[in-house]
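J.: First, the structure itself, so that you have it in front of you.
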Amino acid sequence: AIDFKTTMASVEFPSIFLNASGVNCMTVAEMDEMINAACTGGVVTKSATPQQREGNPQPRYYQLEHGSINSMGLPNAGFPYYLDYVTKEHAKPTILSVAGLQMSDNIELLHKIQASEYTGLTELNLSCPNVIGKPQVAYDFEETDALLAEIFSFYTKPLGVKLPPYFDLVHFDQMAAILNKYPLTHINTVNSVGNGLWIDIDTEKVVIKPKQGFGGLGGAMILPTALANVRAFRQRLNPSIKIIGTGGVTSGKDVFMHLLCGADMVSVGTALLHEGVGIFQRLTDELAAIMAEKGYTSIEDFRGKVQDF
Ligand code: DOR
């Protein structure tokens, strides 16, 4: 059998597969399910805000033909709940996702993690598109740079960032130059493609209630954007910064493409929501079949080796 173990920031994951934050990770039961499922590498928590939140009004998630649209608004059980979870011993590693609603929250959350017993990975979500009146932080390059500078003036534990998708090669240059200044363990790319819109033509209404129907797109339709972001950052980031590829994965083929683009781990959101944690066994079997057919015995045989035309 092929070995899908991987190491990130000296944390050993038994597989390359994770949930995308937000899916199957709101409660202890859901996080335990991710840990106990076959072929998962561990679990990423729902992005924690300092206090518990109900999130945006319902309906706030809608399944599209080729993906999903959501405007959840960071419903979560609050930072202490997730810090407590990740601080306990689990059979697989955890990644604590945190999302401040303002810059001072981000600093405060990281101070709390720094002061806590938790020594594992944390991922700062700089890309939530769905909190009313709050822009996606990582679309503001100066703000992101200033925030990371402040964080790394005191923070010494393993830290990565969750990024929104970028669409301009100059933006990849600019963001990578900022990220390369800091001792980040990883980036997770991409968050949902922010502020899409879908309409039900029978009712002539938008399909989700918050923000007049605008919401983050996920699922198969965003795979090309996700692949572009993984590849563009792999071409620009220091090799010490690992990449979790997120976006559009529904099959082993999609995983194979993320890995060819240079992803170190791969996470699954929309398809996990629709299929449940059994998806990780299927993706593993499909990826193994592709590798067997090509004569690859390890991911290192092809990771990051996508060829130009
Ligand atoms: O698509 C998303 N939805 N990305 C986030 O970062 C947060 C989440 C939500 O709760 O709205």
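The values are calculated or read from the model by the stated rules, or taken from the named source; none is laboratory data. Fair warning: this is a prediction, and the values are worked out from it, not measured in the lab. Methodologically, a virtual Cβ is constructed for each residue, glycine included, from the backbone with ideal geometry; neighbour enumeration extends over all protein chains shown. Heads up: the accessible areas ignore ligands, DNA and RNA and are worked out on the full protein's heavy atoms, side chains in. Shrake-Rupley method; radii C 1.70, N 1.55, O 1.52, S 1.80 Å.
J.: Give the range 70-90 a look and list any residue that's more than 9 Å from the ligand (Cβ to nearest atom) and of a type in the set (A, V, I, L, M), or say none.
T.: Answer for the range 70-90, where residues must be more than 9 Å from the ligand (Cβ to nearest atom) and of a type in the set (A, V, I, L, M): ALA77, LEU83, VAL86.
J.: Collect the residues in the range 1-23 that are under 12 Å from MET265 (Cβ atoms) and in a loop (DSSP other than H, G, I, E, B), keeping them in residue-number order.
T.: Within the range 1-23, PHE4, LYS5, ALA9, PRO14, SER15, ILE16, ALA20 meet the criteria.
J.: Turning to a different aspect of this structure: For the range 196-213, how many residues are in a loop (DSSP other than H, G, I, E, B), aliphatic (A, V, I, L, M) and closer than 12 Å to ILE69 by Cβ?
T.: Summing the residues that are in a loop (DSSP other than H, G, I, E, B), aliphatic (A, V, I, L, M) and closer than 12 Å to ILE69 by Cβ in the range 196-213 gives 3.
J.: Applying the selection to the range 24-43, what residues are touching a helix residue (DSSP H, G or I) at 6+ places or on another chain (Cβ under 8 Å) and either in a strand (DSSP E or B) or of a type in the set (A, V, I, L, M) (or both)?
T.: Taking the range 24-43 first, the residues touching a helix residue (DSSP H, G or I) at 6+ places or on another chain (Cβ under 8 Å) are 24-25, 28, 31, 37-40, 42-43.
Once the filter is applied, which keeps residues that are touching a helix residue (DSSP H, G or I) at 6+ places or on another chain (Cβ under 8 Å) and either in a strand (DSSP E or B) or of a type in the set (A, V, I, L, M) (or both), the range 24-43 yields VAL28, MET31, ALA37, ALA38, VAL43.
J.: Output the residue which, of all residues in the range 282-296 that are farther than 13 Å from ALA1 by Cβ and part of a helix (DSSP H, G or I), is most open to solvent (accessible area, probe 1.4 Å).
T.: Selected residue: GLU293.
J.: Scanning for something open to solvent by less than 30 Å² (accessible area, probe 1.4 Å), away from the ligand (no atom under 16 Å from the Cβ) and under 25 Å from GLN114 (Cα atoms), does the range 14-24 turn up at least one residue?
T.: No, because not a single residue in the range 14-24 is open to solvent by less than 30 Å² (accessible area, probe 1.4 Å), away from the ligand (no atom under 16 Å from the Cβ) and under 25 Å from GLN114 (Cα atoms).
J.: Identify, from the list PRO239, PRO224, the residue that is more than 21 Å from CYS39 (Cβ to Cβ) and outside any helix (DSSP H, G or I).
T.: PRO239
J.: What's the number of the condition ARG60 fails, among (1) basic (Lys, Arg); (2) within 24 Å of ALA146 (Cα to Cα); (3) within 13 Å of the ligand (Cβ to nearest atom)?
T.: Answer for ARG60: the failing condition is (2).
J.: PRO164 - would you say it is at negative phi, touching a Phe, Trp or Tyr at 6+ places or on another chain (Cβ under 8 Å) and within 14 Å of the ligand (Cβ to nearest atom)? If you could, list the steps in order and put the result at the bottom.
T.: Numbers: at negative phi: yes; touching a Phe, Trp or Tyr at 6+ places or on another chain (Cβ under 8 Å): yes; within 14 Å of the ligand (Cβ to nearest atom): yes.
Here the answer is yes, as PRO164 does meet what is asked.
J.: Return the residues of the range 167-195 that are in a strand (DSSP E or B) and buried (at least 21 other Cβ atoms within 10 Å of the Cβ); say none if nothing qualifies. Steps first, answer last, please.
T.: We begin by selecting, within the range 167-195, every residue in a strand (DSSP E or B); these are 186-189, 193-195.
Selection gives HIS186, ILE187, ASN188, THR189, VAL193.
J.: State all residues of the range 132-157 that are β-branched (Val, Ile, Thr) and open to solvent by 20 Å² or more (accessible area, probe 1.4 Å); if no residue qualifies, say none.
T.: Once the filter is applied, which keeps residues that are β-branched (Val, Ile, Thr) and open to solvent by 20 Å² or more (accessible area, probe 1.4 Å), the range 132-157 yields ILE132, VAL137, THR156.
Residues checked against (1) small (Gly, Ala, Ser); (2) part of a helix (DSSP H, G or I); (3) modelled with pLDDT under 95:
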site	(1), (2), (3)
THR122	no, no, no
ALA138	yes, yes, no
THR144	no, yes, no
LEU148	no, yes, no
SER153	yes, no, no
THR156	no, no, no
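J.: Among ALA38, ALA99, ALA1, which is the only one that is in contact (Cβ under 8 Å) with a residue 40 or more places away in the chain and buried (at least 19 other Cβ atoms within 10 Å of the Cβ)? Even if it seems obvious, please write down each step before you answer.
T.: On the way: ALA38 fails: buried (at least 19 other Cβ atoms within 10 Å of the Cβ); ALA1 fails: buried (at least 19 other Cβ atoms within 10 Å of the Cβ).
Sole residue among the options that is in contact (Cβ under 8 Å) with a residue 40 or more places away in the chain and buried (at least 19 other Cβ atoms within 10 Å of the Cβ): ALA99.
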